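The values are calculated or read from the model by the stated rules, or taken from the named source; none is laboratory data. Just so you know, these numbers come straight off a predicted model, no measurement behind them. Ideal geometry is used to build each Cβ from the backbone, glycine not excepted, and the neighbour counts take in all protein chains shown.
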Amino acid sequence: MAKINRKYIDKHWLVFLFRGALAATFGCFALFTRMASLENVIAIISVFLLLMGIIDAVGALYCSTKKHGWFNAVIDAAIDVAAALTLLFSVDNLANVVIVISVYTIASGLIDIFHGFLSTVDPTDRFIRVFAGVAGCVIGLVILNAGNFEISTFIRFFGTYMMIVGATSLIYGVHNRSQELEDKAARSQSAKKKTAKKHTRKK
């Protein structure tokens with residue numbers, strides 16, 4: 001069994017499952033529901049981002065008890081909430097909505113790339129985070145240049161990114177859960193070996 005660096009196992013795997021499920025649900029809604037009202041678009045995206053922020057904040061609180069990974073979750077939560085509040089209170093036209101969403105998408109992508117290279121040593125985790133990050137940067141740039149598109153068109157671009165976030169978050173959560181179980185099994189096996197050695201020495 002491969003040795004696991006426990007420091008880099010994300011114990012908040014359940015947070016990623018909730019985050020992934022929410023992002024995938026919104027992505028499906030954005031892709032397959034035609035939204036033509038700017039007010040509805042702002043309201044729906046804002047609520048979604050606030051919910052994402054709450055999930056990330058819960059992840060940050062949990063990680064703070066483990067003294068590892070909490071800062072990453074705080075950054076994610078801050079970006080989610082900042083984008084949501086900006087949409088709710090500072091945006092009143094499509095051009096500004098496009099700018100906020102594109103900046104949010106690019107920033108989320110860059111943070112994922114940062115997390116991928118600096119916050120994990122596991123190659124699967126790294127690939128997942130970097131892949132989601134590159135997708136965010138590319139789609140964010142596409143959205144930024146989608147000023148002449150209809151509302152529903154640029155929402156579909158954002159929905160596509162959220163589908164990617166949803167899928168990668170779910171995979172990330174499941175993979176980290178398997179790492180945690182493997183780690184527990186390794187510790188249990190190690191404890192049994194130590195106990196067996198003690199019994200052997202006593203004999």
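If I filter the stretch 76-97 for residues that are modelled with pLDDT of 85 or more, in a helix (DSSP H, G or I), under 25 Å from THR160 (Cβ atoms) and of a type in the set (Phe, Trp, Tyr), do I get at least one hit?
No, there is no match, as no residue in the stretch 76-97 is modelled with pLDDT of 85 or more, in a helix (DSSP H, G or I), under 25 Å from THR160 (Cβ atoms) and of a type in the set (Phe, Trp, Tyr).
Which one is modelled with the lowest pLDDT among residues in the stretch 162-203 that are closer than 30 Å to LEU31 by Cβ and of a type in the set (A, V, I, L, M)?
VAL174
Among the listed residues GLY59, GLY116, GLY69, which satisfies the condition of being modelled with pLDDT under 85, on the phi > 0 side of the Ramachandran plot and crowded, with 17+ Cβ neighbours inside 10 Å? Spell out how you get there, then give the answer.
Details: GLY59 fails: on the phi > 0 side of the Ramachandran plot; GLY116 fails: on the phi > 0 side of the Ramachandran plot.
Just a single option satisfies the conditions, and that option is GLY69.
Pull up the stretch 119-151, narrow it to residues that are of a type outside the set (A, V, I, L, M, F, W, C), more than 14 Å from the chain's Cα centre (by Cα) and closer than 20 Å to SER102 by Cα, then point me to the one that is modelled with the highest pLDDT.
GLY140
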